[in-house]
Amino acid sequence: MQILKTALNDFHARMGAKLVDFAGWNMPLSYTSIIKEHNATRNNCTMFDVSHMGRIYVSGPDACALLDFLCTRHIATMEISQSRYSHMCKEDGGILDDLIVSRFEDERFLVVCNASNRDKIVSWITQHADNKNVKIDDQTRSTAMLAIQGPTTADIADELLPADILKLKRYRFKVGRYVGVEYVCSRTGYTGEDGFEFIISNASGKLLANALVDPNGAVQGRVTLAGLGARDTLRLEAGMPLYGHELHEDIDSITAGQGWCVNLEKEFIGRDAMARIQDQGPKRMIVGLEIEGKRIARQDAPIEHDGQTVGTVTSGTTSPTLGKVIAMGLVDAGLSEAGTDLKVDIRGVKTAARVVPLPFFKKPKKKVFGTRRSGEGLSMKKTGLT
């Protein structure tokens, strides 16, 4: 099987990244250490290469109705320049993927999905687009996607990036142009921090990376690099599910604790199954766990209550921010209340754990983005763009 490389692959190698095979892509796991990169994101600003994620454009007169039928969220009510997190599911409610749908002008939508599910989602959309006036354009390999995340992101953006993106609200995006090349800038995030995500051509993606972090090692604008390892610990602290862990084809959106992104007032694939689960109540639930000691509970570790197995761990780590061992797990619904005492079998050691509310970590709300100072624009000297 061919291992795919993002446009920044050589950049990562020069910056000393530990590159690993992730979902068929050669991706940076870390550059220095996961903990350092995690803390840099919580306290300052980091850049992630997320170009491995699928970027699928769906356009045409029937695009809106098609995606409305395939997605658990209401796509038809979206405004231009709005993005929505959603699931695509099977008839039984099993989750094919979680994704973000963005609505453009001219009957055009962008579906951003997980790298491991890109072929499956392209096939699923194509299958249901039969006999419909729809065009499907997978631009994953022809574009780059970079995310800058952290509390000082606004300061960095104020110096380096286009002025009007600072006005973006949460789950909104805008389209602009770098030297004649279209980019899409959104504000969604997957770290529990504020920030921006850029989708841009491969060539321009390299220039943007160089504008933020000098490939010779000199950090510009206080932006550091972070890899997939820190991205995972950050999202787990923020209580965000990961496909292949909390989400998969054998779990439905409601059981996964994602009922907020299911609109049962409209028709979509899996709607009837999830309506039954909603009416009857799910038999299992995804919960947060704080675990005693220092041993990490890995995926599939058994969760016990009164000597009986009542669930399994879906994700686990030591939280760099909280200094505690945390995990998410799927347990019997009757044991999902916060404060419930459980045990986790960590490689043969029955370790005390307690159900706690999600997210584990949540930053206080505050205004992040401001207004650029008069007369300032994108610095061509800093970016190398002309």
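Considering only segment 100-136, state which residues are under 15 Å from LEU66 (Cα atoms), among the charged types (D, E, K, R) and surrounded by fewer than 19 Cβ atoms within 10 Å (Cβ to Cβ). Those that are under 15 Å from LEU66 (Cα atoms), among the charged types (D, E, K, R) and surrounded by fewer than 19 Cβ atoms within 10 Å (Cβ to Cβ): GLU107, ARG108, ASP130, LYS132, LYS135. With respect to the conditions (1) modelled with pLDDT of 95 or more; (2) over 30 Å from ASP252 (Cα atoms), VAL179 falls short on a single one, namely (1). Checking each residue in segment 342-351 for being surrounded by 11 or more Cβ atoms within 10 Å (Cβ to Cβ) and over 28 Å from the mean Cα position of the chain (by Cα) picks out LEU342, LYS343, ASP345, LYS350, THR351.
Looking only at segment 85-118, residues that are in contact (Cβ under 8 Å) with a residue 40 or more places away in the chain and either among the polar types (S, T, N, Q) or over 21 Å from GLY244 (Cα atoms) (or both) come to 11 in all. Every listed requirement among (1) within 24 Å of ARG222 (Cβ to Cβ); (2) without any contact (Cβ under 8 Å) to a residue 60 or more places away in the chain; (3) in contact with a strand residue (DSSP E or B) (Cβ under 9 Å, 6 or more places away or on another chain) is met by ALA17 save one, (2).
Scanning segment 80-136 for residues that are of a type in the set (Ser, Thr, Tyr) and more than 17 Å from GLU249 (Cβ to Cβ) yields SER81, SER83, TYR85, SER102, THR126. Of the residues making up segment 269-296, those that are of a type outside the set (Asp, Glu) and assigned to a strand (DSSP E or B) are ARG284, MET285, ILE286, VAL287, GLY288, LEU289, ILE291.
Scanning segment 297-324 for residues that are part of a strand (DSSP E or B) and acidic (Asp, Glu) turns up just one, GLU304.
Quick check: is even one residue across segment 233-253 assigned to a strand (DSSP E or B), aliphatic (A, V, I, L, M) and farther than 25 Å from LEU322 by Cβ? There is no residue in segment 233-253 that is assigned to a strand (DSSP E or B), aliphatic (A, V, I, L, M) and farther than 25 Å from LEU322 by Cβ. Restricting attention to segment 166-207, the residues that are touching a Cys at 6+ places or on another chain (Cβ under 9 Å) and over 22 Å from ALA226 (Cα atoms) add up to 5. Note on segment 27-80: residues that are more than 26 Å from ALA154 (Cα to Cα) and charged (D, E, K, R) amount to 3.
The values are calculated or read from the model by the stated rules, or taken from the named source; none is laboratory data. Quick caveat, the model's predicted, so the values are computed rather than measured. Methodologically, a virtual Cβ is constructed for each residue, glycine included, from the backbone with ideal geometry; neighbour enumeration extends over all protein chains shown.
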